Amino acid sequence: QVQLVESGGGLVQAGGSLRLSCAASGRIFNINDMGWYRQAPGKQRELVVTVSRGGVTNYADSVKGRFTISRDNAKNTVYLQMNSLKPEDTAVYYCNAKILATTARVNINYWGQGTQVTVSS
């Protein structure tokens, strides 16, 4: 009933930029925190950045100054602008959102399907 659909991944050279988008759809009453996580091969999924409904952000140290998160509450969409990409940024990037659906009484953590970001050296 609620889904997150990501777009914007791809292959880029080191130093390049990519922009990821994630749109939430379905029976949504309210969206609280939204964010991005990533998982590299052989590693655990890790936080990249989150943003509250009010715009408070929390960045991983590894991406501070290079990545920028933004959200459009009217469109239920969150964006991730990634600049100065490094090979170590290569991973599958997952959108995450804490959503109160119209059919629910509590927030539920939803995940997107993931989008591959590959940075070549």
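The values are calculated or read from the model by the stated rules, or taken from the named source; none is laboratory data. Small disclaimer: the values here were computed from a predicted structure and weren't measured. For neighbour counting, all protein chains shown are included, and Cβ atoms are generated from backbone atoms with ideal geometry for every residue, glycine included. For the accessible areas, the whole protein counts, side chains as well, though only heavy atoms, and no ligand, DNA or RNA atoms are used. Shrake-Rupley method; radii C 1.70, N 1.55, O 1.52, S 1.80 Å.
Taken together, the residues in region 36-78 that are basic (Lys, Arg) and assigned to a strand (DSSP E or B) amount to 2.
All conditions but one from (1) in contact with a helix residue (DSSP H, G or I) (Cβ under 7 Å, 6 or more places away or on another chain); (2) under 20 Å from Arg71 (Cβ atoms) apply to Ala14; the one that does not is (2).
Could you tell me whether region 67-80 includes any residue that is of a type in the set (Ser, Thr, Tyr), over 22 Å from Tyr110 (Cβ atoms) and surrounded by 14 or more Cβ atoms within 10 Å (Cβ to Cβ)? Taking every residue of region 67-80 in turn, at least one turns out to be of a type in the set (Ser, Thr, Tyr), over 22 Å from Tyr110 (Cβ atoms) and surrounded by 14 or more Cβ atoms within 10 Å (Cβ to Cβ).
So which of Leu80, Leu100, Leu85, Leu20 ends up being touching a residue at least 24 places away in the same chain (Cβ under 8 Å), over 15 Å from the mean Cα position of the chain (by Cα) and under 19 Å from Thr118 (Cα atoms)?
Numbers: Leu80 fails: over 15 Å from the mean Cα position of the chain (by Cα); Leu100 fails: under 19 Å from Thr118 (Cα atoms); Leu20 fails: over 15 Å from the mean Cα position of the chain (by Cα).
Exactly one residue qualifies, and that residue is Leu85.
Restricting attention to region 10-28, the residues that are open to solvent by 30 Å² or more (accessible area, probe 1.4 Å), part of a loop (DSSP other than H, G, I, E, B) and small (Gly, Ala, Ser) total 3.
When only residues in region 83-120 that are at pLDDT below 95 and outside any strand (DSSP E or B) count, which is nearest to Arg19 (Cα to Cα)? Filtering region 83-120 for residues that are at pLDDT below 95 and outside any strand (DSSP E or B), the one nearest to Arg19 (Cα to Cα) comes out as Asn107. Of the residues Ile108, Ile31, the single one that is in contact with a helix residue (DSSP H, G or I) (Cβ under 9 Å, 6 or more places away or on another chain), within 30 Å of Gln1 (Cβ to Cβ) and open to solvent by less than 80 Å² (accessible area, probe 1.4 Å) is Ile31.
Taking Leu47 as the residue in question, decide whether it is touching a Lys or Arg at 6+ places or on another chain (Cβ under 9 Å), open to solvent by less than 20 Å² (accessible area, probe 1.4 Å) and modelled with pLDDT of 95 or more. No, not satisfied.
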